[in-house]
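The values are calculated or read from the model by the stated rules, or taken from the named source; none is laboratory data. Keep in mind that what you see is a predicted model, and the values were worked out from it rather than measured. With ideal geometry, Cβ positions are generated from the backbone for all residues, glycine too; neighbour counts draw on all protein chains shown. To get the accessible areas, we keep the full protein, side chains included, count just its heavy atoms, and leave off ligands, DNA and RNA. Shrake-Rupley method; radii C 1.70, N 1.55, O 1.52, S 1.80 Å.
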Amino acid sequence: MRPLLLLVASVLLSAILLAEPGWPQIAPRQLSRLLHEPVPPLLLDIRGRGAYLAGTLPQALNAGTDPAGFLPDGRGGDVVLISDDSVERERLAAWIRRLTNAHHRVFILQGGVAAWRAAGLPLVQAEQNYVRPGTVPFIIPRGLCEGDEPAQEYR
Amino acid sequence: MSRPRSIADRAGPAIVALALASLQATAADGGKGCADCHPRQAAAFERSAMARAAVTPAFTAERADAADPRRCLRCHAPGGGRGVACGDCHGSGPHPFPPLEQPAVCARCHDAPGENTVRSFLDSPAFAAGLRCSDCHAVADGGFNHHFRGARSGDLLRDAATLRAFLRSEGDRTLATVTIRHRAGHAMPGGTTGRAVWLRISGRDEGGRERLDRRWRFGWNRDREGRWHDRTLPPGRPVAIELPLPSAAGIRHLTIELTYRFRPGPLDTPDPDAVILDRMEIELP
């Protein structure tokens with residue numbers, strides 16, 4: 001009986017934790033350091049397209065606003081949600097559930113984008129986080145070593 | 001004449017005569033004279049592609065087509081031998097040889113249009129962490145080793161790059177976002193214009209028919225005016241691609257694949273050495 005009770009209690013407890021402030025958070029400075037690690041967390045911006053395009057964290061990706069329509073790759077790992085006051089608590093809770101069920105460890109950026117900016121950390125234009133290859137028509141090199149003039153004196 | 005004495009100090013008196021003889025040993029002979037006294041270094045360096053950079057079939061074939069074939073040797077065999085030789089890094093001697101500064105000593109050949117290895121290294125987390133080229137390319141059993149292994153030798157490409165992906169909905173569209181991150185100490189692929197990393201996203205419908213096939217090349221591209229564009233993967237930060245899936249295609253199954261290629265040309269041209277760096281499959285609901 002005991003283990004079962006414990007299980008029920010822990011499920012209840014985690015449900016309460018999820019519904020209340022007490023979600024694992026990460027401070028802007030700490031996150032900024034993690035971005036330089038070999039395997040940094042995945043940064044998901046859930047504020048929607050408009051806010052995302054206006055300026056976001058380096059490496060942050062637009063995850064849309066709909067947790068139900070979000071499908072992770074199944075490899076798990078740490079995720080940091082980039083949100084702000086515009087994201088309601090229920091929606092945030094739904095995001096956390098969705099990602100936790102997909103074996104991610106989820107953190108929320110403490111104080112959202114405002115706190116990041118207040119910490120003096122840089123925001124970037126969203127397109128800097130993506131590449132758009134193919135915008136320039138290009139020719140695939142035919143040879144292995146076609147650029148054979150040294151570019152510059154090494155300094 | 002203080003250095004020859006220090007050689008003698010370290011190597012013992014018996015070597016003095018040899019060391020003095022080595023004052024005459026210069027790099028002019030392509031390093032043959034060096035091998036007599038430094039067999040360990042010579043044997044290790046022999047394993048690097050650098051040691052035979054001017055005699056490989058790929059090089060001779062390409063050089064035969066080159067507008068100015070003499071230029072090629074400036075990097076592939078400055079001393080005129082089979083490839084890069086001792087003196088191309090250490091200088092033409094004689095002893096004592098100056099300590100080598102990395103990456104300056106490599107820049108002469110690894111910094112050119114289509115060769116941004118050294119430049120991108122200076123902008124990498126590896127450089128910030130105090131690593132040198134040799135810490136990744138020239139180590140064995142914890143110490144420096146002249147084998148200068150590349151992408152084709154050993155396990156340098158193992159776990160060198162990883163994919164992450166997710167799908168999301170926006171209105172009635174589904175978008176795939178794919179990121180690539182790598183651990184090389186410089187842009188990937190390191191090396192020259194012909195090397196490339198290809199990302200391929202393909203999709204199949206319920207019946208297994210291919211409905212989507214998109215490819216991206218990361219490497220050096222040339223535009224129609226003949227200018228080079230650096231489209232290599234930068235070190236230390238991920239690169240992301242967002243692809244709206246064609247909604248009418250009924251895609252149920254996505255395959256995302258990252259391939260490292262040594263041969264030039266499109267992804268379909270055969271390359272016996274090509275390596276799949278990472279691959280993932282995603283089932284759509």
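Worth pointing out:
- Some residue of segment B:144-156 being among the aromatic types (Phe, Trp, Tyr) and more than 8 Å from every other protein chain (Cβ to nearest Cβ): yes
- Residues of segment B:165-189 classified as assigned to a loop (DSSP other than H, G, I, E, B) and either over 30 Å from B:Gly150 (Cβ atoms) or open to solvent by 20 Å² or more (accessible area, probe 1.4 Å) (or both), total: 5
- Elements of type helices (runs of 4 or more DSSP H) in segment B:68-129, at least 3 residues being touching a residue at least 60 places away in the same chain (Cβ under 8 Å) and either surrounded by 20 or more Cβ atoms within 10 Å (Cβ to Cβ) or over 19 Å from the mean Cα position of the chain (by Cα) (or both): B:86-90, B:117-121
- Flag if B:Leu131 is in the same structural domain as B:Gly33 (by TED's automatic domain parsing), touching a Gly at 6+ places or on another chain (Cβ under 8 Å), of a type in the set (A, V, I, L, M, F, W, C) and farther than 20 Å from B:Asp230 by Cβ: yes
- Just one of (1) modelled with pLDDT of 90 or more; (2) of a type outside the set (Asp, Glu); (3) in contact with a His (Cβ under 8 Å, 6 or more places away or on another chain) fails for B:Gly236. It is (1).
- Annotation: B:Thr269 fulfils all but one of (1) assigned to a strand (DSSP E or B); (2) β-branched (Val, Ile, Thr); (3) open to solvent by 10 Å² or more (accessible area, probe 1.4 Å); the unmet one is (1).
- Check on A:Pro150, open to solvent by 50 Å² or more (accessible area, probe 1.4 Å), outside any helix (DSSP H, G or I) and at pLDDT below 70: yes
- Any hit, segment B:231-245, residues being assigned to a strand (DSSP E or B), open to solvent by less than 20 Å² (accessible area, probe 1.4 Å) and more than 11 Å from every other protein chain (Cβ to nearest Cβ): no
- Sole residue being touching a residue at least 24 places away in the same chain (Cβ under 8 Å), of a type outside the set (Val, Ile, Thr), in the same structural domain as B:Val275 (by TED's automatic domain parsing) and touching an Asp or Glu at 6+ places or on another chain (Cβ under 8 Å), chosen from B:Leu233, B:Leu175, B:Leu167, B:Leu212: B:Leu175
- Cβ pairs under 6 Å, 6+ apart, first in segment B:48-65 and within 12 Å of B:Gly150 (Cβ to Cβ), second assigned to a helix (DSSP H, G or I): B:Ala51/B:Phe45; B:Ala53/B:His76
- Any hit, segment A:79-99, residues being among the aromatic types (Phe, Trp, Tyr) and modelled with pLDDT under 95: no
- Condition met for B:Arg224 (open to solvent by 70 Å² or more (accessible area, probe 1.4 Å), basic (Lys, Arg), in a loop (DSSP other than H, G, I, E, B) and facing chain A (nearest Cβ under 9 Å)): yes
- Restricting attention to segment B:248-266, the residues that are over 16 Å from the mean Cα position of the chain (by Cα) and either crowded, with 20+ Cβ neighbours inside 10 Å or at pLDDT 85 or above (or both) add up to 10.
- Count of residues meeting criterion [closer than 20 Å to B:Pro103 by Cβ and assigned to a loop (DSSP other than H, G, I, E, B)] in segment B:130-152: 11
- All positions within segment B:198-221 that are surrounded by 14 or more Cβ atoms within 10 Å (Cβ to Cβ), more than 10 Å from every other protein chain (Cβ to nearest Cβ) and among the basic types (Lys, Arg): B:Arg200, B:Arg204, B:Arg211
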